[in-house]
1. Which ones in the range 111-130 are under 27 Å from residue 62 (Cβ atoms) and either without any contact (Cβ under 8 Å) to a residue 60 or more places away in the chain or buried (at least 18 other Cβ atoms within 10 Å of the Cβ) (or both)?
2. Which fully enclosed helices (runs of 4 or more DSSP H) of the range 1-97 have 2 or more residues being surrounded by 19 or more Cβ atoms within 10 Å (Cβ to Cβ) and more than 21 Å from the chain's Cα centre (by Cα)?
3. For residues in the range 213-240 being surrounded by 22 or more Cβ atoms within 10 Å (Cβ to Cβ) and in contact (Cβ under 8 Å) with a residue 40 or more places away in the chain, which is farthest from residue 120 (Cα to Cα)?
4. Here is a list: 122, 66, 99, 88. Which entry is within 25 Å of residue 172 (Cβ to Cβ) and of a type in the set (Ser, Thr, Tyr)?
5. Tell me, yes or no, whether the range 139-147 has at least one residue that is under 24 Å from residue 227 (Cβ atoms), touching a residue at least 12 places away in the same chain (Cβ under 8 Å), part of a helix (DSSP H, G or I) and in contact with a strand residue (DSSP E or B) (Cβ under 7 Å, 6 or more places away or on another chain).
6. Every residue in the range 98-121 that is under 19 Å from residue 34 (Cα atoms), under 19 Å from the mean Cα position of the chain (by Cα) and of a type outside the set (Ser, Thr, Tyr), please.
Amino acid sequence: MNISRFRLITFDVTDTLLKFRSAPGKQYGEVGAMYGVLCDSNSLTANFKSHWHKMNAEHPNFGKKSGLGWQMWWKLLVVGTFKDSKISIDEKKLENVASHLIQVYETSLCWQQSYGALGLLSYLRNRGVPLGVISNFDPRLDATLINTKLRHYFSFVMGSYEVGAAKPSPIIFERAMEAAKLDGLKPEQCLHVGNTALLDYVGARDSGWNAVLIHDMKLQKIKEKYPYVNTNYVFASLYDLHRHFLEKNSRELVRNHSDERLKCSFTK
């Protein structure tokens, strides 16, 4: 995969550029304890996953189209996560916990850069490749990237809530091309990097883009679980993708140098 063919490279955020410092259940438990709400973190983790799927099914894209709104979306998820622990909890305390969590989840207290993110972004910026973000995220996206010291690498940040369309919809990929403001940019000149087979890989490919999947699952298992994914474009981490670009670029430089020397020998 030759980097010179891409005029735009975009990245997903959750579990691609950034990872949680601790599981949501543990973080919820710690914040809950600050307000006197004591729950088992394992129970909260299970409850969180259940309510995440429920809220996404009933109010997709953080409640954008249903009119619920992203803040209420998260408040309902937090309250449901705690209430399913089957303990008596004061409603006012739950509201305070939810508000606290909404604020803290746009900071580096909850997020950290993924392995290899900084090195890869620095490399691509030094190569002059325009970079952007395409993420299924609420309006805290920009602040979250600022607080984790990554925002300055990107010429634009495209969040699903503000666009009104979420991956794998081609709409958000089309909007990203517009936001890049690159004359004559074509889908085949774009690359998207993400960790989700359906949302990131398939979404990008169905939009005519190139795609890379960041996944630490063994390649054989990926072939079995996601037969539509070309494992030549699967990397365990952003560090491995960075290394691939470096090796590919080095081979390209050697080949170009050899061609130049051969060309010179014929002109003497």
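All of the numbers you see were taken from the coordinates with simple rules; none came from a lab. What you see is a predicted model; the values in this text were computed from it and never measured. Cβ: placed from backbone, ideal geometry, glycine included. Neighbour counts: every protein chain shown.
1. 111, 114, 117, 121
2. 24-34, 41-58, 70-83
3. 214
4. None of the other options fit; the residue is 66.
5. Looking through the range 139-147, none of the residues is under 24 Å from residue 227 (Cβ atoms), touching a residue at least 12 places away in the same chain (Cβ under 8 Å), part of a helix (DSSP H, G or I) and in contact with a strand residue (DSSP E or B) (Cβ under 7 Å, 6 or more places away or on another chain).
6. Within the range 98-121, 102, 104, 106, 109, 110 qualify.
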